[in-house]
Amino acid sequence: MPPVLEVRDVSIRFGGLQALEGVDLDVGEWEIVGLIGPNGAGKTTFYNCITGIYPPDRGSVRYRGRDVSALPTHRRTALGMGRTWQNLGVVRTLSVLENVKTAQHAHISYGALSGLAGSPASLTEERRVRRNAEEILEFLGLLPLRGEIVGGLPYGTQKLCDLAMALATDPDILLLDEPSSGMAPEEAHRLGETLRFLRDSLDLTILMIEHHVPLVVGLCDYVYVLNFGRLLAKGEPQEIQRHPDVVSAYLGEVDDAAS
Amino acid sequence: MAAAAEALQRVEFRPSRSGWIARAAVMAAIALAIIAAPLLADDVRDQWIGYAAVYMVIGLSVNVITGHAGQISLGHQAFVGIGAFTSAYLVARSGISFFIALPVAGLTGAFMALVLGLVALRIRGLYLALVTLAFGQMTETTIFSIRGFTGGGAGADAPRPSLFAGHQAFAYLCLMVVAVFLLVDWRFVKSKAGRAIVSIRNDERVAASLGINVTAYKLFAFVLGGFIAGVGGSLFAHWNRSVATGSFGLSTALVWVLMTVVGGLGSRAGVLIGSAFFAVFQLVVGALAKGASFHWPIVGDVLVQTLSPLLGALLLLLTLTLFPGGIGQQLLPVRRWLAGGPVSTRGHHRAGAAATAAPGSEPGATAKPPHAAAGVPVPAARDEAPAEPAPTAGEPAVRVRRPRGGGRT
């Protein structure tokens, strides 16, 4: 069985900046894989290449053995590649419920014109979409807030709403972009439990960009480290923690005496 | 379960029985006033009502492209004009029924909008505004100058159908079209396409990552807006009984954008009121002044008709600085009340904030599925999760499924 996600030799250049250079990455079934690296290392750019928002100059992305490099973003999402956004993908002026309904787009069976005409089939489908959204919100404990406008909610709750939207795309692999940013350490710790719970109960595979080291070490099965657009190291979290290149990338050069 | 959830959402406010009766009475009164207005009005006023309804249709079309999709269109006269001339040509020259010409005019408007939409896929913001502006001007000087199609400077005849020949009957016809497009707009906002387009307006990359075909739905918004504009153009032509190129200049297109912005982008009621106001204001000023002009120092003669754009500019300034949501924003308390809410949300907001705080105040609580918190064991068998009634997520909305990836697209 091929890995869920198989990225080979992805490279992209923006003007004079080589943002990514020959990055390889694999994510296996039911794994939680971490992607770490200093700011500006190219992590979010890498996500944008995987999901098809940027066309990489070179390299390929295979999803469950299928080459999706040529597919547009929305088709990859429909196949089961869901993602969250570092700066949140919510529409701030809409309610929580509306946002989660929007995210189910790819799995709504009626056509746009049928929806305009208010055909009975579309109305039935809309009820199902609503129920589905409510189930997802209930699952994440957001149901009581479903009528609230997202922009008025606390940041952590908005992040959860963003996660609910990613789940509503019915993902098979979830690409999380800094899920713990803006959280206190103990919240980040609980986030780990939540993600593991999601993985187990929803049968997900997770790739996550994350800065919070204890979370990565405690949660991830495998870790990739990106630095200046290149893969610096990969391995089990404990190995990575001690990897001299990783330590120096994060903390600056360590002189010989110290190492 | 659904009922319980329903109860959760509407905790704070429930109108009393008399409250509901009052709301129903107000709604009925508004509906009745609109329905009865053409009956009570004299011939001149019926003309005004018809004109206002034509503007409402045009306002709704601007609302789709600029309000919902967030794409500025300064070339709207191209869509409206093509519909007007097509309809006039079909009815007057080809002897085709008005009721066939009306949707055909819509289709021509949709086609024009599709062409512009293809451009809008590539550029945005200021550049899009400039391109739409140029597009409108270009249409004016090319298609609208074809003498055989538009009748040149003299214009083309656009006779009304015999059943709706009178001003009163025609006003009703226009109001019916408004009603149809109001329904379409309502269903649009409440359905898949509308949500997709709002998401695209918010952020195209996020929309794509939610599985939305950004290209297709952007074009869809243009096509829908163009269709409504084309139908509006047809009504415009037949309201006037003739149509000439001079009616579709840039200044007119600007008024259409203005009335929609002042009405409130995205707000149906606001757009209707804004459109009707601008339509009637033009006519009233025109009728009062009968072409009289002020003699001002320096600027010389200023036609009273130019007051309309001037007022538009003033209202736009007021809108942008004081109430960016336009008339629609001002109507919000009324709408909320009619929908069964309280007039004031002040107490309501506090209740809402409390509801927010309850699950979220202990910050981690939100970031945790409730059953994980309660220590409910995670269903071990991945593929038969729903068998036992896990109390909260009986069947996870996000299905458990496999295999994946093959044959989906």
Those residues of region B:243-282 which are among the β-branched types (Val, Ile, Thr) and under 18 Å from B:ILE34 (Cα atoms), in sequence order
B:VAL271, B:ILE273, B:VAL280
Test B:LEU130 against the criterion of being part of a helix (DSSP H, G or I) and touching a helix residue (DSSP H, G or I) at 6+ places or on another chain (Cβ under 9 Å), and give yes or no.
no
Could you identify the single residue in A:LEU195, A:LEU176, A:LEU191, A:LEU202 that is in contact with a Phe, Trp or Tyr (Cβ under 9 Å, 6 or more places away or on another chain) and either closer than 14 Å to A:CYS220 by Cα or modelled with pLDDT under 95 (or both)?
A:LEU202
I'm trying to understand the selection: among the residues of region A:1-40, which are at negative phi, crowded, with 23+ Cβ neighbours inside 10 Å and assigned to a loop (DSSP other than H, G, I, E, B)?
A:VAL4
Against the condition within 18 Å of the chain's Cα centre (by Cα), facing another protein chain (nearest Cβ under 8 Å) and assigned to a helix (DSSP H, G or I), how does A:GLY192 come out, does it pass?
no
Looking for something in contact with a strand residue (DSSP E or B) (Cβ under 9 Å, 6 or more places away or on another chain), farther than 16 Å from B:LEU210 by Cα and assigned by TED's automatic domain parsing to the domain that holds A:VAL4 - is there at least one such residue anywhere in region A:76-88?
no
Just one of the numbered conditions (1) assigned to a helix (DSSP H, G or I); (2) farther than 15 Å from B:PHE248 by Cβ; (3) of a type in the set (A, V, I, L, M, F, W, C) is not true of B:MET112; which one?
(2)
Within region A:45-63, which residues are within 17 Å of the chain's Cα centre (by Cα) and either more than 19 Å from A:VAL246 (Cβ to Cβ) or in a loop (DSSP other than H, G, I, E, B) (or both)?
A:THR45, A:TYR47, A:ASN48, A:CYS49, A:ILE50, A:THR51, A:GLY52, A:ILE53, A:TYR54, A:VAL61, A:ARG62, A:TYR63
Among the residues of region A:41-51, which ones are within 14 Å of chain B (Cβ to nearest Cβ) and either among the polar types (S, T, N, Q) or buried (at least 23 other Cβ atoms within 10 Å of the Cβ) (or both)?
A:THR44, A:THR45, A:ASN48, A:CYS49, A:ILE50, A:THR51
Being at the interface with chain B (Cβ under 9 Å from one of its Cβ atoms) and part of a helix (DSSP H, G or I) is the filter here, so list the residues in region A:105-122 that pass it.
A:HIS105, A:ALA106, A:HIS107, A:ALA112, A:LEU113, A:SER114, A:GLY115, A:LEU116, A:ALA117, A:SER122
Candidate set: region B:200-230, residues that are outside any helix (DSSP H, G or I) and surrounded by 24 or more Cβ atoms within 10 Å (Cβ to Cβ); chosen: the one nearest to the other protein chains (Cβ to nearest Cβ)
B:GLY211
Which numbered condition in (1) under 17 Å from B:LYS192 (Cα atoms); (2) surrounded by 22 or more Cβ atoms within 10 Å (Cβ to Cβ); (3) out of contact with any helix residue (DSSP H, G or I) (no Cβ under 7 Å at 6 or more places or on another chain) is the only one that A:VAL96 fails?
(3)
Restrict the check to region A:187-196 and report whether at least one residue is crowded, with 21+ Cβ neighbours inside 10 Å and within 26 Å of A:ILE53 (Cα to Cα).
yes
Being in contact with a Pro (Cβ under 8 Å, 6 or more places away or on another chain) and not acidic (Asp, Glu) is the requirement here; does A:PRO185 meet it?
yes
Number of positions in region A:153-174 that are in a helix (DSSP H, G or I), closer than 18 Å to A:GLN104 by Cα, within 9 Å of chain B (Cβ to nearest Cβ) and not aliphatic (A, V, I, L, M):
1
Unique match (being within 9 Å of another protein chain (Cβ to nearest Cβ) and among the basic types (Lys, Arg)) among A:ARG127, A:ARG76
A:ARG76
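The values are calculated or read from the model by the stated rules, or taken from the named source; none is laboratory data. Quick caveat: nothing in here was measured; it's all calculated off a predicted structure. Note that we place each Cβ from the backbone using ideal geometry, even for glycine, and neighbour counts take in every protein chain shown.
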